[in-house]
1. What's the total number of residues in segment 443-458 that are free of Cβ contacts under 8 Å to residues at least 12 places away in the same chain and under 15 Å from Val397 (Cβ atoms)?
2. With (1) in contact with a helix residue (DSSP H, G or I) (Cβ under 6 Å, 6 or more places away or on another chain); (2) polar (S, T, N, Q); (3) open to solvent by 20 Å² or more (accessible area, probe 1.4 Å) as the list, and Thr136 as the residue in question, which single condition is left unmet?
3. Count, please, the residues in segment 268-318 that happen to be more than 19 Å from Leu415 (Cβ to Cβ) and of a type in the set (A, V, I, L, M).
4. Looking only at segment 461-479, which residues are touching a residue at least 24 places away in the same chain (Cβ under 8 Å) and either among the β-branched types (Val, Ile, Thr) or assigned to a helix (DSSP H, G or I) (or both)?
5. Within segment 33-69, can you find the residues that are open to solvent by 10 Å² or more (accessible area, probe 1.4 Å) and under 30 Å from the mean Cα position of the chain (by Cα)?
6. Could you run through segment 15-40 and say how many residues are touching an Asp or Glu at 6+ places or on another chain (Cβ under 6 Å) and aromatic (Phe, Trp, Tyr)?
7. I'm trying to understand the selection: among the residues of segment 319-334, which are at pLDDT 95 or above and either open to solvent by 40 Å² or more (accessible area, probe 1.4 Å) or farther than 24 Å from Glu445 by Cα (or both)?
8. So which residues in segment 428-460 are in a loop (DSSP other than H, G, I, E, B) and within 30 Å of Thr404 (Cβ to Cβ), if there are any at all?
Amino acid sequence: MPKVSVIIPTHNRPDILSQAIKSVFNQTFQDFEIIVIDDGLIARAEEIVKSFNDSRIFYYQNKTSLGAAASRNRGASLARGQLLAFLDDDDSWIDRKLEKQISLLSNSSSDVGFCFSGVINCSEKGKFNTEVFAGTNDYHLISLTRFKGFLTSTLIIKKKAFEEINGFDENFPSHQEAELIIRLTQKYKGIGLNEPLVIMNNFSTDEHIGGNLERRIRGREMLIKKHFQEYLLHPILLAKQYFWLGLMYRQNGKFSLAADYFVKAWRQDKKIRYTFHFLWAKIRESKQKILQSKFFRPIHFGTLLRLKYFNRFLILNKKNNNFKNILDAGCGHGKYSKLLADYYPSASVLGIDILEDEEWGNYPNKNLCFKVFDLKNFREQNIYDLIVSIDTLEHIVDNKKVITNLIEALRPSGLIYLAIPCDKTSIHIFPRRWFQRFHDWESDEHLGEQPVLDELKQEMKERNLEILVSRHTFTFWGTLGWEFEFLLRGKKLGDRLNIILMPFYNLLCFLDIWLPIGRGNNLILARKK
């Protein structure tokens, strides 16, 4: 039987697994077996494992993705060694790691259950070594404090001790190794080796279990809850855990929850530091609430103004409340479809577009559905009570036929709401060369006809429609807002200025609707006779 079983869980990254395995085969201590547990369903690692062609390496696939904790537990259940060593697939070992740690464990007493070491951290910031408490000690209080002090890839645990505490808790989304060590140190002493024996990859990536802040927060909260009674015996340690949770929530932009944890920390240990962090979190929370209010809510000006017109002339028209079938022709992200479904819950709303958008799946309305369809092939008769098309038809060559088909799909007395840009009457405020990026896009995308408003009104009348609303949008005020917001957009300082300027942009929208100056884009609301 091998002295030590090396357990390597891997998940959808076989390209980096080979380096981890090589570092095991390069050990000066060679009495081992390697157990690779493949938890990835997209990119399997079987070929990588086979390429080593060594009888000491064993490969197992999980039928479903179980997570790191369950994969390590499965590896431990298959292990034949007296000792269990764990290695993450993106880490690697210094060549004398097993030799040094196994020597210490082999000469230890029965009350010692594990050994751990320092690491070489590699990240975007460079390399640095971590230090750990050295020697044979009762590490329990340290385990309650320093969750990063016992990293998985440094651990070698006596199999008997691992089985006695039932291994990793598979319910944890993160902090599995920290929680394991808390239970392990309740029963066993450990040996710390203050020497970096592991090269740890700490580059930012969602594949890294610790790289997701939401998971880290949930894992830490679960750990404190599971061992809460013990933490109550050590209020200063509990205060530190609450403080760290506050910092994590603050980093995640959840300032109210951060403030709550800073208060909890202060109640356990009345440090002025916790008070200052609480006050700063409340200031950030107030700032966030102000900037997320409707006056400062960040939104592109063009989207904002189109939405204002949509609400003013259609959604807020209380007379239009008997619709049964509604079509959003060229729905894009589906935001207008969602608004229609919200406002007319008894109507069936269909959004169609030539390409599927990932946001379609975010709308839970039961009366709303989406369909991929080319409007050039749209052929229906007397189906819809309302048809909406906002900034879509200018993308379609020969869109007059599309308008005709949309009108034919209306029932008698049905409404059609069209918003179509018109470059012939567009207003220019700032120099055109400042908008070259937009105009390059516009020349590639705006391929359809863009009639002036009078021409569009005449076409509607010829198709037997009664004009209810016909007006220009994006007049002087709207163009001023769009150009100003566009010039600032995408720049770090500019995006912040745009948030501060949102009340000003809302004022420009109000002026564009109620006090228009000059010509602009086309808006038509008409009823089929």
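1. 2
2. (1)
3. Count: 9.
4. Selection gives Ile467, Val469, Thr473, Thr475, Phe476, Trp477, Gly478, Thr479.
5. Within segment 33-69, Leu41, Ile42, Ala43, Arg44, Gln61, Lys63, Thr64, Ser65, Leu66, Gly67, Ala68 qualify.
6. Summing the residues that are touching an Asp or Glu at 6+ places or on another chain (Cβ under 6 Å) and aromatic (Phe, Trp, Tyr) in segment 15-40 gives 1.
7. Selection gives Asn325, Ile326.
8. Within segment 428-460, His446, Leu447, Gly448, Glu449, Gln450, Pro451, Val452 meet the criteria.
The values are calculated or read from the model by the stated rules, or taken from the named source; none is laboratory data. Source: prediction; values computed, not measured. Reconstructed Cβ throughout: ideal geometry from the backbone, glycine too, with neighbour counts over all protein chains shown. Calculation scope for accessible area: heavy atoms of the full protein, side chains included, ligands and nucleic acids excluded. Shrake-Rupley method; radii C 1.70, N 1.55, O 1.52, S 1.80 Å.
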